[in-house]
Amino acid sequence: MANAITYHGWPGVLRDNQHHTPWFNEYNQRFIAIVLLIRTYVYAFIPHVDFLIATALFLFAFISAFYLERHEPLIISTLVFLVTDIVVLLAGNGVTQNIVDLFTTAVLAVLIFVTLRFCRNHDLETRRFQTTLLVALLVPLLLCPIFRFGLLVPLPSESFYIDAMEQLRYLLKARF
Amino acid sequence: MGIIFGALPGLTATLGVALLTTLTYGMSLNTALIALLGMYVGAIYGGSYPAILINIPGTAAAAATAMDGFLLTKKGEGGRALGLTTTASFIGTTLGMIVLVLAAPLITEMALQFTSYELFLLTIFGIVISGTLTSSDLVYKGWIAGPLGLVLACIGRDRLQFYPHLTFDMPELDGGIEVVPVLIGAFGIPQIIKVLRNRLKMTRPKSFGRILPEFGTVVRNIKHIIRSAMIGVGIGSVSGVGEDIAGWVSYGTAKNTSKHPERFGKGEPAGVLSTETANNACIGGALIPLLTLGIQGSPPAAMLLGALMLHGVTPGPMICLEKPTFSVEVCAILFLASLAMWINGIFLARQVVKLLLIPTAVFLPVVGVLCVLGSYALGLNIFNLYLMVPIGIVAYFLTEMKYPIASLVIGVILGPMADEIFRG
């Protein structure tokens, strides 16, 4: 723009702007989505939501936004994260953590349902959706016990699901 | 694990060492060193897999390997190329280790003459030279990034007078900024943003035959191997210059000194051997200034410096007095790591290559979760995560503007030491 002003004046600036791709293009949308997903995960979910369900939601939203060929999951995941971020931050300190966990679980269920609707008529997208779901659920189910019970690292936020996992561990220990 | 990290494009040796640092915190020093050096050696070698099979270097160090390696695969000699890189990497690491054993005592003896003036200048030299040499664009960008790291290192209560520096009345910042969230944020988050924003896709790896050690070809090219190892060690020992430069310099030298330079770039085994020997020999070279002077030789070595400090070991001239056997232990671990790499490379390469089928959009979010856990696990402090994200985003913009992130991290690591030496 500085060059346009120097060499071509305001008509040059206006002409230059016409040739530019819009700022809110797909490339920048992806950047905003990545930053928003990471920001919400770290600042809203980790301190307020059970780590297992927070990670599952983060992974599902993140992978579906970038792994699926269609553009809609990216927009939907970003918007869902934005709304959930606001709700969790507003309600996080006011209500019991179990309610926040259940709300996050409901958001995950809705996101899975909506994403499935976009994929169901397309074989490749359906396969990718299945992979996304598998990774999003399996990774936290593996990572949480490894860190919590294997490496003895307390997770950032432990409530509904991690407590249930702990109960299950004691139950299994008592049985075997 | 190192081979897997190196083989997956988007993950680097530096990030691997940084992530592993947090998991080694509860281990003894020797166990942690085995894990970290194994990761370092394996990741530098692992970068050659995608370079050879899909023409995308897994790490920058393997960029030159793709020149001839991928063409060998196209000719149906992918297994041979992998065998050559495995053996060359083993020889390179071993030769680098031998030079480390021989050179370390001599340099340490000289470094023991240093007083606080020289030590301060040495830390500043480490920051400035890494900025100069790692800057891919204008040199002054490196000089800006290094002091920016020094500014970050100044955050927290003053160690001598307990006066708050840049804490903005936040009690969490009183203790200063921890190195690990900076390491993970500065290397992990920009990588995730860059790869996913650009939607970098991978092609399916081409099929390859049996992987054999290829000793015959190695013996025929022994001149290239020894020369490349010396280039690798030399470049590695220069502070801030990494394995990628060693690979390219060695490739260029091998081409210029070859009787058949026209064969290079068309699937010449000597090209693969020279680059892989050099980038792995660079590891031993990078450890020379790290162990003797306390300054890093390459970006992964900088992470190693941070990891050693977390384990209560301060590399530098005094280490031979505080821990006389430390250098020898490091050399022994380095040799074992390279041997393990060779065995894994020959017998397990076929399984590791299957990982290249995992799409980047699937594994990078998982890496994001690991970054979060890695930053948190060290001090069990959520504030580390709050720091990691903005540092990562700023690092991404700096990377886009071609500011070298490695020198920023070096500034954060060496900053407190420089401050103490300067005023102490």
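Quick notes
- Each of the peptides B:251-259, B:23-31 was scored by the mean count of other Cβ atoms within 10 Å over its residues; in descending order, highest first, they stand as B:251-259, B:23-31.
- Rounded tilt (10° steps) of B:360-379 against the dominant C-alpha axis of chain B: 40 degrees
- Mean per-residue shielding of peptide B:369-375 is 5, counting Cβ atoms of other chains within 10 Å of each Cβ.
- Calculated from backbone phi, Karplus (6.51, -1.76, 1.60) coupling profile of segment A:126-134 in Hz, x at Gly/Pro: 5, 4, 5, 4, 4, 4, 4, 4, 4
- Spatial separation of Cα centroids for segment B:147-173 and segment A:71-149, in angstrom: 38 Å
- Against the main long axis of the alpha-carbon atoms of chain B, helix B:269-292 sits at an angle near 20°.
- For peptide A:152-159, the mean count of partner chain Cβ atoms within 10 Å of a residue's Cβ comes to 3.
- Peptide A:34-47 is shielded by partner chain Cβ atoms: per residue, an average of 5 of them sit within 10 Å of its Cβ.
- Ranked list, fewest to most other Cβ atoms within 10 Å of each Cβ, for B:Trp143, B:Trp342, A:Trp23: A:Trp23, B:Trp143, B:Trp342
- Rough spin-label spacing in nm, given labels placed 7 Å along Cα→Cβ, for A:Leu116 and B:Leu29: 5.6 nm
- Cβ-Cβ FRET estimate between A:Leu172 and A:Asn98, R0 fixed at 25 Å, reported to 0.05: 0.60
- Percentage relative contact order, chain B, counting C-alpha pairs under 8 Å, at least six apart: 30 percent
- Relative contact order %, segment B:214-345, counting alpha carbon pairs below 8 Å whose residues are six or more apart: 25 percent
- Rh by Kirkwood over Cα pairs, then Stokes-Einstein D for chain B at 0.692 mPa s and 37 °C, µm²/s: 154 µm²/s
- Normalised alpha carbon radius of gyration of segment A:26-175 [divisor 2.2 N^0.38 Å]: 1.08
- Under 5 Å from the amide H of B:His165 lie the amide H atoms of B:Gly156, B:Arg157, B:Asp158, each residue being 5 or more positions distant or on a separate chain, with H modelled from the backbone and absent for Pro and chain starts.
- Equivalent ellipsoid semi-axes - Cα gyration tensor, the protein assembly as shown, angstrom: 38, 31, 27
- Segment B:299-412 shape via C-alpha gyration tensor axes, a/c threshold 1.5: oblate
- The mean sequence distance of close C-alpha pairs (under 8 Å, at least 6 residues apart), as a share of the length of chain A, puts its relative contact order at 28 percent.
- Using the Cβ-Cβ distance between B:Thr325 and A:Leu138 with R0 set to 45 Å, the FRET efficiency works out to roughly 0.55.
- In sequence order, segment A:39-48 has phi-based couplings of 4, 5, 4, 6, 8, 9, 6, 4, x, 10 Hz under the Karplus curve 6.51 cos²θ - 1.76 cosθ + 1.60, θ = phi - 60°, and Gly or Pro positions carry x.
- The ranking of A:Val87, B:Val233 by Cβ neighbour count inside 10 Å, starting from the fewest, reads A:Val87, B:Val233.
- Cβ-based charge dipole, the protein assembly as shown, positive-most Cα from B:His165, A:Pro140, B:Leu29: A:Pro140
- Taking other Cβ atoms within 10 Å as a rough exposure proxy, B:Val17, A:Val42, B:Val101, B:Val41 sort from fewest to most as B:Val101, A:Val42, B:Val17, B:Val41.
- Ranked packing of B:113-122, B:67-76, A:163-172, A:76-85, most packed first, by mean Cβ within 10 Å: B:67-76, A:76-85, B:113-122, A:163-172
- Phi-based couplings in Hz for segment A:158-168 (Karplus 6.51, -1.76, 1.60; Gly and Pro marked x): 10, 8, 3, 6, 5, 4, 4, 5, 5, 4, 4
- 222 nm mean residue ellipticity, helices alone, for the protein assembly as shown (DSSP H n ≥ 4; -39,500 (n - 2.57); rounded to 500): -24000 deg cm²/dmol
Every number here is computed from the coordinates shown, using simple stated rules; none is lab data. Nothing here was measured: the structure is a model prediction, and the numbers come from that model. Reconstructed Cβ throughout: ideal geometry from the backbone, glycine too, with neighbour counts over all protein chains shown.
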